[in-house]
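Worksheet: the structure to be examined is printed underneath.
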Amino acid sequence: MTNTQVTLVQIDNYGPWTVTPEPRREADLQTMQSRLYADISQFVGNRGGYTFFTRFDNMIAVTNGLDLEDHALLQESVGNRYPVTLSLGVAADTSPVQALADATARVQDAGSAQDEDRRECLEGRAVGPADRTAEDVQIAHFDVINATGTYTDELNAFDTFIEIEQGYAELMRHMRHAHESLSFFVGGDNIIVTCPDLDEGDYEEAIYHVEEAVDVELQVGVGRGECAHDAGFAAKHALETCRADGTRVELEW
């Protein structure tokens, strides 16, 4: 049984800050956002978690193995080095979607994203060491079959991007509504999904759905672990088996 711990990372009062005392240069904002994401990703990654940028002002992390003290240290580190602060909500559930909903509610209850009085709230509950298991996290790593030959070497870069993004968008919607999963584009033609306790048939159904809906062919490797790194590394190995053997779904656990 999975028990995914999810952290919502929200920059405090970010919208008003970007235009105070006057609108800031877009290039500067993009640079800061990317650096902040990189630092958060490294901090969480060094502790076995995964961070996904989503909209940059809101990021989502799978944080099994991180306690509230780790989260507070992240806030302190960012507050010391950036002109913005972070509020964090933490929750766990067998459904990643429900875990994110609970984490989001924790932050929303502390104040609006544009509330100038809300600063560095840390709300929620982390999974304790005694409650962790080797099957808490299930990660699926999808990619597009022969993306280079089908898209990269045949289309211009922007049209390739459109095709890959169509596949991602359809998979993201389907996995969220049909399987209580959270899907994230991570570059190239790769999509990482944090899932509840799904089986091989669920992944086969998802691949078929995307192919029927937007004509993008996917393959997927799936792994389990105590933290996102362990599950994701197993998923990478399973995906390599797909590529080597020409299969569409491989599970490694």
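Listed here are the residues, each with its yes/no results for (1) over 18 Å from Leu66 (Cβ atoms); (2) at pLDDT 95 or above; (3) of a type in the set (Ser, Thr, Tyr).
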{"site": "Arg106", "(1), (2), (3)": "no, yes, no"}
{"site": "Thr150", "(1), (2), (3)": "yes, no, yes"}
{"site": "Met172", "(1), (2), (3)": "yes, yes, no"}
{"site": "Val186", "(1), (2), (3)": "yes, yes, no"}
{"site": "Val193", "(1), (2), (3)": "yes, yes, no"}
{"site": "Asp199", "(1), (2), (3)": "yes, yes, no"}
{"site": "Tyr203", "(1), (2), (3)": "yes, yes, yes"}
(request) Test Glu180 against the stated conditions and say whether it is in contact with a Pro (Cβ under 7 Å, 6 or more places away or on another chain), charged (D, E, K, R) and within 24 Å of Met59 (Cβ to Cβ). (result) yes
(message) Which of the strands (runs of 3 or more DSSP E) found entirely inside region 111-200 contain at least 2 residues meeting this: free of Cβ contacts under 8 Å to residues at least 60 places away in the same chain?
(response) 122-124, 182-185, 190-195
(message) For region 40-94, give me each residue that is surrounded by 15 or more Cβ atoms within 10 Å (Cβ to Cβ), among the polar types (S, T, N, Q) and over 12 Å from Val9 (Cα atoms).
(response) Asn64
(request) Among what's in region 1-39 and is basic (Lys, Arg) and not in a helix (DSSP H, G or I), pick the residue that is surrounded by the fewest Cβ atoms within 10 Å (Cβ to Cβ). (result) Arg25
(request) Determine if region 161-177 includes at least one residue that is more than 21 Å from the chain's Cα centre (by Cα), open to solvent by 80 Å² or more (accessible area, probe 1.4 Å) and at negative phi. (result) no
(message) For Leu66, only one of the following conditions fails: (1) part of a helix (DSSP H, G or I); (2) closer than 23 Å to Gln138 by Cα. What is its number?
(response) (1)
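Which ones in region 1-39 are more than 30 Å from Thr133 (Cα to Cα) and in contact with a Ser or Thr (Cβ under 8 Å, 6 or more places away or on another chain)?
Going residue by residue through region 1-39, those that are more than 30 Å from Thr133 (Cα to Cα) are 11-36.
Passing the criteria: Ile11, Asp12, Arg24, Leu29.
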(message) Taking the criterion of being buried (at least 16 other Cβ atoms within 10 Å of the Cβ), modelled with pLDDT under 95 and not hydrophobic (A, V, I, L, M, F, W, C), would at least one residue in region 127-142 satisfy it?
(response) no
(request) Among the residues of region 217-253, count how many are part of a loop (DSSP other than H, G, I, E, B), more than 13 Å from Ile207 (Cβ to Cβ) and touching a residue at least 60 places away in the same chain (Cβ under 8 Å). (result) 3
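The values are calculated or read from the model by the stated rules, or taken from the named source; none is laboratory data. Since we're looking at a predicted model, the values are computed, not measured. All Cβ positions, even for glycine, are placed from backbone atoms using ideal geometry, and neighbour counts span all protein chains on display. Just so you know, the surface numbers come from the protein's heavy atoms only, side chains and all, with ligands and any DNA or RNA stripped out. Shrake-Rupley method; radii C 1.70, N 1.55, O 1.52, S 1.80 Å.
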